[in-house]
Amino acid sequence: MARTRFASVAILTLVAGSFTASAQTKPGERILIPAAAWDCGLPSGIPKPENGTLVLEAEVKLDAIYDVGQTPFGKRQATVTQTGTIIGPKIKADVLPGGLDYQLTLANGVVEVEQILVLRTSANSHLIMRNAGTGPDAGDLRVVFDFEASATGEFAWLNTGKYVGRRTIDAATKTLRFSIHDVSAVAVPAEPASFVRIVKPAGVPPQPWDYRHADAAERKGDTIITEIVTLGRGPQVRGGKRGNRNVIPITGGTLTGQITGRILFGGADYQTLGNGGPPIDARYLWQTTEGDVIIVRNTTNPGIGLVPTFETRVDGKFAWLNSGKYLSSNPGMGAGGLSISMFKSR
């Protein structure tokens, strides 16, 4: 998603997690202007989803909800989905297990969300969703939903719409629910009084959307871990708006080296095939022997190889992972799964 800045000055601002307003429009009816570094794909404004046309509703069971803790980006929660159902006027689908939902809560109450889900439709085709959301607080979280469907299939219309929805997590029942509306026909007004600008606390680094692009001069140094990754059989999306995709689910595994523990169920390698995107783009979770949860992304950096990044609690034993630079071996066959070693960059 492109990251651009919207220049209008909002009359309504977010201060310490609360609103101060000089206009009569109710805050929930206003257009959210996301922070420039997390624009959710709609930098000019995210309308109230209910002002659009309902596309679908979903209910998804959860495998686990992990409290990652306070990371450099804010308070992080990582959720792994199980199966779910989607019903809408033009679509019926299942949500496949192993989806990821990352929620970030900042000190002033601002919430930012990223999701990756895979759907299987009633026509036995597959869709990939990578969604981004934000809100001044959890009560007005708006998620921009992005679909990748076959350009020649019956759900090709999902590639070109403008979709905004709500997403809630019920921890007690371990259920995720979301509804999606097409807001293509919802006008974004030009009056500044119609805007709510999302303001992040000073000094907080923006969470990354893109993967880390390593310098060509970087070389592999000391080994930090070797992982054995177990994989499932996953779907393909052919001829989508970003080309062909191959999804290889991550089902578990083990860690040895400077970090010991296990690879949690959830996430996948969301491979891009032959269209210029990263051939490997793996997103998943570690849990250390000490109980810390670490968010992992390991992505092909053209001309260099695999480049991993990590996010974990700042007050934990492995906080050093947050600030270092690392490189990875290519996957190879190991005893019980794929073997991958990761190294400090030098």
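The values are calculated or read from the model by the stated rules, or taken from the named source; none is laboratory data. Source: prediction; values computed, not measured. Reconstructed Cβ throughout: ideal geometry from the backbone, glycine too, with neighbour counts over all protein chains shown.
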Checklist entry - Within the stretch 221-243, is there a residue that is in a loop (DSSP other than H, G, I, E, B), modelled with pLDDT under 95 and touching a Lys or Arg at 6+ places or on another chain (Cβ under 9 Å)? => result yes
Checklist entry - Which one of these is hydrophobic (A, V, I, L, M, F, W, C), within 24 Å of residue 31 (Cβ to Cβ) and not assigned by TED's automatic domain parsing to the domain that holds residue 263: 155, 147? => result 147
Item to check | Single unsatisfied condition, residue 123 versus (1) closer than 20 Å to residue 79 by Cα; (2) of a type outside the set (Asp, Glu); (3) in a loop (DSSP other than H, G, I, E, B); (4) in contact (Cβ under 8 Å) with a residue 24 or more places away in the chain | outcome: (1)
Item to check | Test result for residue 153, touching a Phe, Trp or Tyr at 6+ places or on another chain (Cβ under 9 Å), touching a residue at least 12 places away in the same chain (Cβ under 8 Å), surrounded by fewer than 20 Cβ atoms within 10 Å (Cβ to Cβ) and part of a loop (DSSP other than H, G, I, E, B) | outcome: no
Item to check | Residue among 87, 65 that alone is modelled with pLDDT of 95 or more, surrounded by fewer than 19 Cβ atoms within 10 Å (Cβ to Cβ) and within 21 Å of residue 250 (Cα to Cα) | outcome: 65
Item to check | Matching option when the condition is more than 30 Å from residue 259 (Cα to Cα) and surrounded by 14 or more Cβ atoms within 10 Å (Cβ to Cβ), among 193, 202 | outcome: 193
Checklist outcome for this item: Scanning the stretch 258-303 for residues that are on the phi < 0 side of the Ramachandran plot, at pLDDT below 95 and surrounded by fewer than 16 Cβ atoms within 10 Å (Cβ to Cβ) gives 273, 275, 279, 302
Item to check | Filter pass, residue 108 being at pLDDT below 95, in the same structural domain as residue 171 (by TED's automatic domain parsing), assigned to a loop (DSSP other than H, G, I, E, B) and more than 18 Å from the chain's Cα centre (by Cα) | outcome: no
Item to check | residue 186 vs. criteria surrounded by 14 or more Cβ atoms within 10 Å (Cβ to Cβ), over 30 Å from residue 66 (Cβ atoms), aliphatic (A, V, I, L, M) and touching a residue at least 24 places away in the same chain (Cβ under 8 Å) | outcome: yes
Checklist entry - Given (1) on the phi < 0 side of the Ramachandran plot; (2) buried (at least 20 other Cβ atoms within 10 Å of the Cβ); (3) at pLDDT 95 or above, where does residue 12 come up short, assuming only one miss? => result (3)
Checklist entry - What is the one condition in (1) touching a helix residue (DSSP H, G or I) at 6+ places or on another chain (Cβ under 8 Å); (2) surrounded by fewer than 16 Cβ atoms within 10 Å (Cβ to Cβ) that residue 166 does not satisfy? => result (2)
